[in-house]
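To start, the structure under review is shown below, and the notes come after it.
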Amino acid sequence: MAIEVVALHHHGIRIEPTEDGAKKALGFYRDVLGLDADPGRTIVGVPGYWINVGGERHQTQIHLIGMTGSSKQAPSPEKDPTLPHVALSVRDIDATKKELDRLGVDYWVTRGVTGQYSEQVFVLDPAGNIIELHQEGTCRCRVA
């Protein structure tokens, strides 16, 4: 039984780790690409923005993450949730963890990185790319 992925949630990318760097990145995404930041959504203590993609009914974002080196949430340098990654919403996070256990896939969990209760499960694909999995409906993305 495969994990039930229901949506592409966000793509996390790193930007210059300063408030000025975050503002420059926001300017590019806003002024060049015509995208707006989700007000009030950031990673606590990390410069950056969550950029909405898809207009009023969006559900997808680009997370601009101002970080160098390893974050406090990283169990190791290659397992850092602030590294570039793709995040997917899953139907059931508990079933997802059970399936990863059954398949023998190594994963790590972070909680509360966004300043609200949340649980993110991270895995590395065979090429070393980070994939985040989280429970659908636990974000604030606007969907009518």
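The values are calculated or read from the model by the stated rules, or taken from the named source; none is laboratory data. As the structure is a computational prediction, the values presented were derived from the model and not from experiment.
Brief remarks on what is shown
- Summed over the range 31-69, residues that are among the charged types (D, E, K, R) and modelled with pLDDT of 95 or more total 1.
Okay, residues lined up against (1) assigned to a loop (DSSP other than H, G, I, E, B); (2) of a type outside the set (Val, Ile, Thr); (3) modelled with pLDDT of 95 or more:
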{"site": "71", "(1), (2), (3)": "yes, yes, no"}
{"site": "81", "(1), (2), (3)": "yes, yes, no"}
{"site": "86", "(1), (2), (3)": "no, no, yes"}
{"site": "99", "(1), (2), (3)": "no, yes, yes"}
{"site": "106", "(1), (2), (3)": "yes, yes, yes"}
{"site": "113", "(1), (2), (3)": "yes, no, no"}
